[in-house]
Amino acid sequence: MRKRTHRKPVTGLAPYQKALFRRAWEADNVRAGIHAFIGEDAKALTQRAGRVIYAVVAGCEQAGIPDDDPDVRILHDAGRAILELRGQAEIGDQHRKRIISGLAAGERLLPRLDPAAVRGAALELAKASSDKE
């Protein structure tokens, strides 16, 4: 008699989907980082970096990472810097440093997060921003 095995339910993303998401994520994060280093367009910086930071924060919430985690606190500070930049034409050095630190914290947190949660948050934000246009 054959032993019954319990199959693990399929959740999340397939390996190729994870690779595609990771590649798209890295490209967006690199663009946001480059813009944070040298860009002068505050609107583009807030959009690109804001997407990355929002998706990571949402992934942290779903993963149960507490708000007192040092990297999560850095992310929240970068989010506040982005909100302060709304409607401003110029990017101050302090805002730029806080956003760069937030993007670096997001990179450190990403391996601890479920890629499907981060991807879902990014898609939700993209859908919300396309609905406004």
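Here are the numbers for the structure shown:
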quantity: Flag if residue 16 is among the aromatic types (Phe, Trp, Tyr) and at pLDDT 75 or above; calculated: no
quantity: Residues being among the small types (Gly, Ala, Ser), in a helix (DSSP H, G or I) and surrounded by fewer than 18 Cβ atoms within 10 Å (Cβ to Cβ) - total across the stretch 40-75; calculated: 2
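The values are calculated or read from the model by the stated rules, or taken from the named source; none is laboratory data. Please read all numbers here as calculations on a predicted model, not as lab measurements. As a convention, Cβ positions derive from the backbone with ideal geometry for all residues, glycine included, and neighbour counts pool all protein chains shown.
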